[in-house]
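Written out below as structure tokens is the structure these notes cover.
No value in this document is a laboratory result; all are computed from the given coordinates. Bear in mind the structure is a predicted one, so any value in this text is a computation, not a measurement. Every residue, glycine as well, gets a Cβ built from its backbone with ideal geometry; the counts of neighbours run over all protein chains shown.
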Amino acid sequence: TLPTKIGTTNGSFVDRMLHGNKTMVLFYGSQTGTAEDFAQRLAKQAKRYGIAAMVVDPEETEMEDLQRLVTIENHLAVFTVATYGEGDPTDNAQEFYEWLRQDANDLNGLHYAVFGLGNKTYEYYNAVGKYVDRRLSELGAVRVAELGMGDDDGNIEDDFIAWSAVFWKNVCQKYRLVRDTDESTMRQYKLIKDIFPQETIFTGEVGRLKCYEKQKSPFHLRNPFLAPILANKELFKPDSLRSCLHLELDLTNSRLSYETGDHVAIFPTNDSYLVNHIGELLGVDLDEVISLVDFDEDAQKKNPFPCPCSYRTALTHYLDITSVPNTQILKDIAQYATDESERALLTLMGSYSEDGRIKYKDWALDGCRSIVVILEDLPSLKPPLEYLCEVLPRLQARYYSISSSSKIYPTSVHLTAVVVQYLTPTQRIAKGVATNQFRRMYLKEYDPKPIFYDNNNNDETSFCYRLPIYIRKSTFRLPFKFQTPIIMIGPGTGLAPFRGFIQERHFQKIQGKPVGETILYYGCRKRDEDFLYEDELKYYESEKTLELHVAFSRDQEHKVYVTHLLRLDGEKLWKLIINNNANLYVCGDAKHMSRDVQMIIVDIAQLFGGLTSEGAMAFVKDLIVKGRYSQDVWS
Ligand code: FAD
């Protein structure tokens, strides 16, 4: 678990609000940065109504102080909270969530609003947002706007914009406010160009300065371990046009440990080609060192990312330059387009109008236009680079299901990552940040070199790349009893955690433990193209550890998926679940596969268990609640 209150020096948020004459505070529960971004945007929008607002990470403050917030006249607390995994709060909101559950809390008279971020493909859609909203009300707080819910499976940007319009309307009515300025021209950070001493300049660290040079445990989210890559291999067959990599990361001397089923988080770096291209498009010397410092001296975070650093470092390590910028960013940068039609296009997309939303979806989202593409396609748009650095979101860590067993590999984690590359509607090849970094490392084409080389092994012939990582605990676990049968459903890279599960079951078996059935439903396109870990799986099958079922979707005329195989085996699966207390595990695509699998289990319960449709659904829900049906899915 994460150490709490890391680097807390900020003290009470209420004191800071009083000091800075602030009335509005925004708390975020963020795992991938979107909830934090929404909080920042609301704080920025507050300026146009003359409200001074402050954004606060609940992990870095005393949330008990909410009880004191009511002493500030016209106060307002806003919560933008994401739901993560199986209806859980994000890591940084965990402690606040626990605190909120306590009955002794009295939040009488606290004015609040909640916007939840979730994904409809998951079982517990927006569970945390709903809980926070309900619980605050139960504790006596007064809702200023109805709960807003964003669906990441649809268009969360749209959901947020629609909700924020209603939210501001309510706030204006309640506090009798009128809009008086346009926030898009306001800067949050002061640009400092100076001659900074070399030893004070960040070079890509996400935590403490020089933490990659002198690594010190404990390692976690804010102090990642620079793990040497022990192996990086292609898993797809040579003829395949796609790529899937198997990486092994060394944990020796890190004091990091994991359990089979956990996740590893990796801080990726952007492609140097894209970074250089931004420099060229804007005509900026990327090696210039700058610092961005919040004008608001009471702000919890003084800088948008570790400063001082060069523009190159900021664009390589700290900023998201490949996803589609949100509408607020487009609105903010519109002023820097000298061509009238280009400025009008950006302004329209940044407006909260219906036409603007349609244009944003069509041109930006569906067009897969990142900031780099936007700068290319709108040649008159030349925002100052320091302003782009202010408004672009932070580059986030990527999670991977660990594909090894901690019993067999206690000092390394394996991961199985399919390389993301696709052709966009504007005929550009878009590349996923992390997986293409792994790919460049696999091809030994990775740049920048220095800090990611093995410090002890710096010669060009035998170098070893490193990746900044930390381990995130999950609830995806093998059953406690060895005898319990397990049914694993994991097409594509959904196989990842099951490789660890199978290794561990085999280990237990050769130790003489009474291991129950270990059944895998795996799917890929073609046996000769993308059958992951074929030899290993065949080996476990021959050793009678594994019962393997593979669906090759494209090896015959009719497409066959794991879901077809599950249907065919319905009766057998039902018996295992009912008579032998088998546990079910699903891993991989959250969008379609996991939902389809759940529907099939419901069908099987009806067909072979004689349950009604409602009864079958309740049965599956009960399996989930009891931890007998676990999902490790992502979209
Ligand atoms: P990014 O730069 O993040 O780009 C990916 C984004 O590109 C997508 O989100 C989507 O918006 C867009 N995109 C992709 N394809 C298209 C398309 N055809 N058209 C339009 N847009 C598109 N991944 C694995 O490979 N193996 C795992 O074991 C694994 N485990 C995970 C476990 C968890 C808990 C989670 C949350 C995710 C896991 N993932 C896994 C996914 C992984 O975290 C990354 O999202 C994935 O590797 C892509 O990262 P990237 O940086 O390469 O791509």
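Values for this structure:
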{"item": "Highest-first arrangement of 174-182, 324-332, where packing means the average Cβ count within 10 Å", "result": "324-332, 174-182"}
{"item": "Extended-chain gain in nm, criterion 0.36 nm per residue less alpha-carbon gap, Arg242 and Met186", "result": "15.7 nm"}
{"item": "Where only alpha carbons of the chain are counted, the Rg and the Dmax (Å)", "result": "25.6, 76"}
{"item": "Inter-probe distance in nm under a simple model that places probes 7 Å from Cα toward Cβ, at Glu340 and Lys481", "result": "7.8 nm"}
{"item": "P(r) of the range 159-317 over all Cα-Cα pairs, binned every 5 Å from zero, in whole percent", "result": "1, 7, 10, 12, 13, 13, 12, 11, 10, 6, 3, 2, 0, 0"}
{"item": "Dipole of the chain, positive end: most advanced residue of Asn580, Tyr400, Phe267 [Cβ charges, Cα centre]", "result": "Asn580"}
{"item": "R0 of 25 Å, Cβ-Cβ distance Arg567-Lys591: FRET efficiency to nearest 0.05", "result": "0.80"}
{"item": "Segments 547-556, 598-607 sorted - mean Cβ within 10 Å per residue, highest first", "result": "598-607, 547-556"}
{"item": "Which listed pairs, of Lys130/Lys591; Lys44/Lys190; Lys193/Lys359, have C-alpha distances above 27 Å, in listed order", "result": "Lys193/Lys359"}
{"item": "Other-chain or far-sequence residues with amide H under 5 Å of Gly148's (modelled H)", "result": "Val114, Phe115, Gly116"}
{"item": "Gain in span if fully extended, Arg428 to Arg255, counting 0.36 nm per residue against the direct Cα distance", "result": "58.0 nm"}
{"item": "Sorted by Cβ density within 10 Å, fewest first, the residues His75, His558", "result": "His558, His75"}
{"item": "Asn303/Asp15 FRET efficiency (R0 22 Å; Cβ-Cβ; nearest 0.05)", "result": "0.55"}
{"item": "Ratio Rg/Rh [Cα only; Rh per Kirkwood] for the range 270-359", "result": "1.03"}
{"item": "Note, ³J(HN,Hα) from phi for the range 23-36, Karplus 6.51, -1.76, 1.60, rounded to Hz, x at Gly and Pro", "result": "10, 10, 10, 10, 9, 10, x, 10, 10, 10, x, 5, 4, 5"}
{"item": "Val142-His549 pseudo-label distance in nm [points 7 Å out on the Cα-to-Cβ vector]", "result": "5.8 nm"}
{"item": "Test item: Cα-centred dipole of the range 310-376, Lys/Arg +1 and Asp/Glu -1 on Cβ, debye", "result": "200 debye"}
{"item": "Whole-Å distance, taken between Cα centres, linking the range 141-205 and the range 496-558", "result": "47 Å"}
{"item": "Farthest positive-ward along the range 1-141 dipole, Cα basis, beta-carbon charges - from Ala46, Asn126, Leu110", "result": "Ala46"}
{"item": "Rounded to the nearest 20 debye, dipole of the chain from Cβ charges on Lys, Arg, Asp, Glu", "result": "940 debye"}
{"item": "Förster-model FRET efficiency, 45 Å R0, Asp194 and Lys169, C-beta, rounded to 0.05", "result": "0.55"}
{"item": "Most positive-pole-ward Cα, Ala616, Gly627, Leu520, against dipole of the range 519-635 from beta carbon charges", "result": "Ala616"}
{"item": "Inter-label distance, nm, simple model (7 Å from Cα along the C-beta direction), Ser613/Glu445", "result": "5.2 nm"}
{"item": "Pair-distance profile P(r), taking every C-alpha pair of the range 461-576, with 10 angstrom steps and integer %", "result": "12, 38, 32, 15, 4, 0"}
